[in-house]
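Everything below concerns the one structure shown next.
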Amino acid sequence: MAERRKVVTKTKASAAQGPDREKPAARKATAKVRPLKGGHLERYHEKRNFAVTPEPTVSLPTSGGDMFVVQKHAATRLHYDFRIEVGGVLRSWAITKAPSRDPAVKRLAVHVEDHPVSYGDFEGTIPEKQYGAGTVIVWDRGTWTPANDIEAGYKKGEIKMRLDGTKLKGGFVLVRLRDRDPRDKGKNWLFIKEKDGFAEPGSADALGEQEPRSVISGLTIEEMAKARRAPPEAKPARKKLKRVDAASLPKARKAKLDETPEPQLASLGAHPPRGDGWVHEIKYDGYRTLARVENGAVRLITRNGHDWTERYQPIAAALAKLPCSTAVVDGEVCVQTASGSTSFSELQDALAVGDTSRLTYFAFDLLHLDGYDLRSAPLVERKRALEALLASVASEHGVVHYSEHYEGDGDVFLKQVLRLGLEGIISKKAEAPYESGRSRTWMKSKGAAAHEFAIVGFTESKAAGGLASLLLAETVADGLQYVGKAGTGFTVATAKELKAKLEPLLRKDPIFTLKINEKVSGAKWVEPKLFAEIEYANKTADGHLRAARYKGLRGPGAEDSPIANSTGGGTKGRPAKVVSDLDLARVNITNPDRRMFSADGPTKLDLAVYYARVGDWILPHIANRPLTLIRSPSGKVTDRFYQRHVRPGMPDEVKKIDLSLPDDKDREEYLYITDVKGLLGLVQFGVIEIHPWGCKVDKPERPDRMVFDLDPDEGLDWRKVVEASFEVRDFLTSLGFTPFVRTTGGKGIHVVVAVERQSPWDEFKEFSHMVVQALAARAPLRYTASIAKKDRKGRIFIDYLRNGRMATAAASYSLRARVGVPASCNLTWDELYDLDDPQTLNWKTVPLRLDGLDDDPWAGIEESAQRITKAMQSTLQKLIKG
């Protein structure tokens, strides 16, 4: 919260620190009771030498703020500084021991000088011989609400308040003690927890012992002091900046420039890799961008292959001056804050308004130089060449910067980086080549967990854009669960923009039920249409986020995100609303509490509610199509069975159709549904998976959906399957189709095209077989058209058999009857590229994803249908024959 008020005034340090300055004890500010209306920061300034101490200087007072902060301070004596924002400053009390949740514990709190609001962010070590010398961490922080009139309460000597922090919640009171000595002058107070739902009688000193870490950096005060005493030694890759001959680098080879080179991606690690052979770089919070330079012409390409040169003109202009004929540079486009860190939300703000003046490019790798491909060269050699190449255009205040790397202990370096308020580090194998795609030779380490949460509301403040905090929720079995607030991380401009986006989504009540002990004062609730990336230290016992900090809008609703720039298949928009809230409320099944597929899995009711929530999205892909179902009455993975015929006891809304051929002996009727009642009827009958035929019931002998099921060998990496799906997409596009993509709920991917209803089943299936044969002929080491397992080793079987009569594939948004209950999910191609693990799309996450989408990823698939032509068949035959 304080971050939104960092406006600093320049004071006359010479006057404040001169030999004739007035002694603190002689100032009127020590009166027994002084008014609260105005800020009193003179004593704060007089006590400190800002040429030495890292503490913030005096900031302009603000009004309307409601921050509280508790700072653990290892000075001459270890104590805790409790501060509340009043009258544009932080009123402060030094508490002898950690605050307690036990109402029986009364902590002595000594009233000290006011501090600027910006002090609420301060962590670090105050040097020896300075006032308050010692180490400081932010032990707790949040918002406070006075429970009585603050002016009257202060004069009376009793300030009642409610705190909403990470560690301190509920009612507290400050009570002033009578002076035992005239010199006390009203300084001594007691800090006491009130008896309420957040109180923990008998806990005494447990809170301070169990929760010793900072809510900002995650460090203990000992770790902060150690990081301050022993900062990691920065070692630039090379001191000499003599121009490097590309041909001299080990394993450099002559090669032409790639049109759209693919970046290397880092894997997430629990901590930095240990041992020799690693170097460490700061992790930047921006947009990954490859710079392609050819004879002075520069193209800036995003991670997803978008050309954003026009948006990054100052960077392109700077890189155009590089002294080389050709180059490919890897780096990150960022916006730096006043503190020197990078901010994704401020980058989004800048791009949204076209402000390119703040853009900075941090370059950290060199893939190509002067006609030579350097990707096989060791990392440290590539960086040596990069530093020399950038020497003529990089400067301290320039647009382009060389990203130095650091050697030594990665754990110590990470702690130092986090202490400075940065996001984390990237550790890289010093001798490793550049490998496109995700690898283990680049490892990223962060200091706090980060995740996407639904924004379900907000609170207001008159200051800083009118937005005080975002209210957040995550998906649980029965929908959404409140996980607390994020009140820091946004600028004034971001706060205004967020509020403008949220106000049209206002609703009367929260979309979920709050727990008994959850009270959100001043909450304005909204529909969960927007998602925010939130960084947080950990979670409390009741599931609330600790030290939650807004990082930016991600996924659905994020301006300028990769998803927002993806292409669709036709008309945009969400599918028609067909499942009403009443339909959702009427879901009723037998054994609703039975756990499915594991002891901690979802209940039968959870899965039924899932289908009701995704009903609008799944119905266009299953209605009026013959269906094969998978049921599991017991909830065991081993107890599953298929059903394609109508059986006694099925709901009336489930229709039947005779699809038997002349030689069928049983001539049983097949089932299908037409509307939401049919879908909910299947759900209440215990259906887990839904598999449609590739045709509709009005024309069952003329299929219209062709599915290419990419089924990888057991040990094949997910990224390989993703790469293959793009190759299949491009091949189908060359034939004239418009391909769409979805996950399968397993390790494979479905590439789907719409086909005009002209071909009979045998021709339809044979055409799909020819497509697979042609792909296998072009890349026999990557694909196989053979179903035999012995032919799949190290390859991807593209299953064309899904396109036969009576054959099926899991429907878009169908659940899968296995542990974790993943779901098949329609994606845009850009979303697929960014997807690291398809198992993250499951019964919990898919409904929340769909709630936030403005556009259907498969919009326009019906209109994209193409006829199978003789020209297509001829092309395939030539490719198959070679």
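The values are calculated or read from the model by the stated rules, or taken from the named source; none is laboratory data. Since we're looking at a predicted model, the values are computed, not measured. When we count neighbours, we look across all protein chains shown, and the Cβ atoms used for this are built from the backbone with ideal geometry, even at glycine. Just so you know, the surface numbers come from the protein's heavy atoms only, side chains and all, with ligands and any DNA or RNA stripped out. Shrake-Rupley method; radii C 1.70, N 1.55, O 1.52, S 1.80 Å.
Computed from these coordinates, which is Kirkwood radius over Cα pairs in Å: (i) 29.9; (ii) 30.9; (iii) 28.9? So the structure-derived entry is (ii).
Classify the range 725-882 as rounded, prolate or oblate, taking a ≥ b ≥ c as the square roots of the eigenvalues of its Cα gyration tensor: rounded when a/c is under 1.5, otherwise prolate if a/b is larger than b/c and oblate if not. Verdict is prolate for the range 725-882. With all protein chains kept in place, the per residue accessible area of the chain amounts to 44 square angstrom at a probe of 1.4 angstrom.
Taken along the Cα-to-beta-carbon direction at a fixed 7 Å, the label points for residue 206 and residue 674 span 6.2 nm.
Mind checking which lysines have their Cα closer than 18 Å to the Cα of residue 878? Skip sequence neighbours fewer than 8 apart in that chain. Excluding near neighbours in sequence, the set is 870. Return the subset of 47/97; 499/529; 383/444; 195/515 for which the Cα-Cα distance in this structure is over 21 Å, preserving the input order. Over 21 Å Cα-Cα: 47/97. Sorted on the mean count of surrounding Cβ atoms within 10 Å across their residues, most packed first, peptides 814-824, 289-299 read 814-824, 289-299.
Under 23 Å of direct C-alpha separation, and excluding same-chain neighbours fewer than eight residues apart, residue 655 reaches these lysines: 577, 665, 677, 696, 699. Each of 688, 116, 843 was scored by the projection of its Cα onto the charge dipole of the chain, and the greatest displacement toward the positive side belongs to 116; charges sit on the C-beta of Lys, Arg, Asp and Glu. When the Cα positions of 400, 207, 825 are compared along the charge dipole of the chain, 207 comes out farthest toward the positive end, with charges on each C-beta of Lys, Arg, Asp and Glu. Pairs exceeding a 32 Å alpha-carbon distance, out of 242/551; 167/283; 501/539: 242/551.
Close Lys pairs in the range 707-830 (alpha-carbon distance under 23 Å; sequence gap of 8 or more, or different chains): 8.
With K and R counted +1 and D and E -1, the other residues having a Cβ less than 11 Å from that of residue 220 yield a net charge of +1. Computed from label points 7 Å out along Cα-Cβ, the spacing between residue 643 and residue 867 is 4.1 nm. Of the GluC sites (Glu not before Pro) found in the range 725-829, those in coil by DSSP whose Cβ has at most 15 other Cβ atoms within 10 Å are 756.
All other residues whose Cβ lies under 14 angstrom from that of residue 256 are scored, Lys and Arg at +1 and Asp and Glu at -1, for a net of -1. Once each part is reduced to its C-alpha centroid, what is the distance from the range 749-827 to the range 670-716 in angstrom? First find each Cα centre; the distance between them is then 14 Å.
Extending 7 Å from Cα along the Cβ direction at residue 577 and again at residue 503 yields two label points whose distance is 2.3 nm.
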